[in-house]
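None of the figures in this text is laboratory data; all of them are computed from the coordinates on show. The shown structure was predicted, so the numbers you read here are calculated from the model rather than taken from an experiment. We place every Cβ from the backbone using ideal geometry, glycine too, and count neighbours over all the protein chains shown.
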Amino acid sequence: MHPGLFLWKESMVYGIICQMERKNIKIAVGMSGGVDSSVAAKILKDQGYNVVGFMMKLWGEGKKHCKARDPSTYGSRGRENACCDIEGVEDAKRVAQKLGIPFYVVDVREKFKKEIVDYFLKEYKNLRTPNPCVKCNEKIKFGWLLDFAKKTGCDYLATGHYARVASDLSFTNSQFPLNEKMKNDKINGKWKMENGKYHLLKGVDENKDQSYFLYRLNQEQLSKIIFPVGDYSKAEVRAMAKKWKLPVHEKKESQEICFIQEKDYRVFLRRYIPKSYFKPGEIVDSAGNIVGKHEGLINYTIGQRRGIEQDTKYKIQDTRNKQISKSKLQISNKNLNSKFKILNSDKRPLYVVGFDVEKNRLIVGENSEIFRNEMTITDCHFISERLNAEGLKQRDLTIKIRYRHAAVACHPVLDTGSSLDSRFRGNDKKRSGNDKKGSRNDKLVVRFEEKQRAITPGQSAVLYYNDEVLGGGIISE
């Protein structure tokens, strides 16, 4: 052997080839200026991919409604969207500069206003409680932004969501080589991985898992999406950010609805919804007895306790059907105008049970009255074709009826004459908006093994098999 000849090991050659291949893969990272998306970008950059950062400029109210407020509260720009305010833009820009990647801010305000804000307002007008984050993921982040990324020559879109994508196909197989920690043991069992299909899984951090918000993604979208932090806990992500000296490693998280700055969303509703939706009316119990007055049905949601006023001139029907004359009683709400004083000795908790729209009545009852053993979901979307008529008979399915709610055992039943098979075959195509006609082919009746509290129309219900997201829909009743 020539003394100057260097023998390359097979693993070294493979590594160099992989690095060369990765440089040809262009990945767009949706950046918010937060810790999670910044760490996601860093992971991809370190693995040799061609990374470019995008931040979406989303709709915010601006200065329009800030005239009577202290400018220091909202700044010279007025009410900005919390996901892309000036601080977020500057933070994302600093991270991009540190990583040495291009960074662009793209204007999506008009699209966001139409698809998310208007939807939010419409749902409340219909006395439903929407989840704008679910709609934003479907229409904006993994709808508009993914399409935009493709148009700019990107092969994939990555975000800082705590979720995972798995497949038996190359590149996204267990997010390899993005993260070698991932194990699919929790999705083994009666249902094995389907060949050639993509699977949405929970993030490993139970407290931060965001798979609930992503159930409306389809096969085409999942094939182009990467979640680099999905296999890590939040603590690990912060530790990595600190280790890499990213300028946002101590930045706090935003928990509120991004386009609403007030803590009370009803203040926002009053600015954009006609006064007729806030018409006062009677509060009645489930037996029809008048117990007080409300300040507009739109102010209430199923299971709500705060803001329910009980007046002394009405008699309250208790669970033993005895008529009890009460002193003035109110469950206080600082954000609603109070007409009665609170007498602590007479407090009796009541909860919103339903609405009588025709008579403009708010129906209330005791806590036991807001538990139900079944619900109906419509506008269904399913990721996995395994959830056919036979799959619905499985005894180990669980469902989440809201984000911060533990998944509970359930038994979904197809509506009579309904078939999911045709809808499954269409999952690779973009779905249209909500089924306004409430098609029988788009409905599931879900029965719980144990009664669940405050089933809320408008919220998303998401079906799981262990760690895998199967799909879900919107609670209708």
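Quick check on my link table: of 98/234; 141/202; 42/93; 26/224; 202/224, which ones sit more than 20 Å apart, alpha carbon to alpha carbon?
On the way: 98/234 22 Å; 141/202 18 Å; 42/93 13 Å; 26/224 11 Å; 202/224 18 Å.
Beyond 20 Å: 98/234.
Compare the peptides 33-44, 127-138, 103-114 by average per-residue count of other Cβ atoms within 10 angstrom and give them in order, highest first. Walk me through the numbers before you get to the answer.
Working: 33-44: 25.1, 127-138: 20.1, 103-114: 15.8.
Those peptides, ordered most packed to least, come out 33-44, 127-138, 103-114.
Which cross-chain or sequence-distant (5 or more) residues have an amide H under 5 Å from the amide H of residue 363, H modelled 1.01 Å from N in plane?
Correct list: 284, 353, 354, 355, 356.
When Lys and Arg each count +1 and Asp and Glu each count -1, what net charge do the other residues less than 11 Å away from residue 155, Cβ to Cβ, add up to?
Spelling it out: positives minus negatives among the neighbours equals +4.
Calculate log10 I(q)/I(0) of segment 239-279 for q = 0.21, 0.23, 0.30, 0.33 Å⁻¹, where I(q) comes from the Debye formula with a single equal point scatterer on each Cα and nothing for solvent.
-0.73, -0.79, -0.98, -1.07
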